[in-house]
């Protein structure tokens, strides 16, 4: 499910408050972030960057608490979602070009145009003004309302399940 809007509209702020509200309801959330800007994700001179420059098509680094994959784009939000651990809901920040159901984040001072005016996949709006078509509208501070709508939406499509525990085989 995408959370989309212009840069500066408040997508990250909404998500940073929405994820804990969903977690409090027992929803395990994965997140995908899209950017249209060039980014030096890997650090120049670090092992992963040196080995990619040497010809590796991708590099994954894992530490005690996190991991990162550096490589070419994977073909969209759905392909990236398959890389996430098991979760009940994948929120995709941005991804306006992807065919995903979405919540539009709109602020009058950031953009006059509305995504929901042309994109029928927008099923709710977070905004400081009324949208051009009838969809549920939430104030930017109404994170609990947005969370309730998302939980209701995902419960209609896929039941929430407890986390998967997969035993690892130990070599003899």
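The values are calculated or read from the model by the stated rules, or taken from the named source; none is laboratory data. No experiment lies behind these values; they were computed from the predicted model shown. We place every Cβ from the backbone using ideal geometry, glycine too, and count neighbours over all the protein chains shown.
Scan the stretch 136-148 residue by residue and report those that are part of a loop (DSSP other than H, G, I, E, B) and under 21 Å from residue 109 (Cβ atoms).
First, the residues of the stretch 136-148 that are part of a loop (DSSP other than H, G, I, E, B): 136, 139-142.
Once the filter is applied, which keeps residues that are part of a loop (DSSP other than H, G, I, E, B) and under 21 Å from residue 109 (Cβ atoms), the stretch 136-148 yields 139, 140, 141, 142.
Please go through the stretch 116-143 and pick out each residue that is surrounded by 14 or more Cβ atoms within 10 Å (Cβ to Cβ) and either in contact with a helix residue (DSSP H, G or I) (Cβ under 7 Å, 6 or more places away or on another chain) or modelled with pLDDT under 65 (or both). 124, 126, 138, 140, 143, listed by residue number.
Summed over the stretch 56-81, residues that are surrounded by 10 or more Cβ atoms within 10 Å (Cβ to Cβ) and at pLDDT 85 or above total 7.
The set of residues in the stretch 3-20 being buried (at least 18 other Cβ atoms within 10 Å of the Cβ) and in contact with a helix residue (DSSP H, G or I) (Cβ under 6 Å, 6 or more places away or on another chain) consists of 3, 5, 18.
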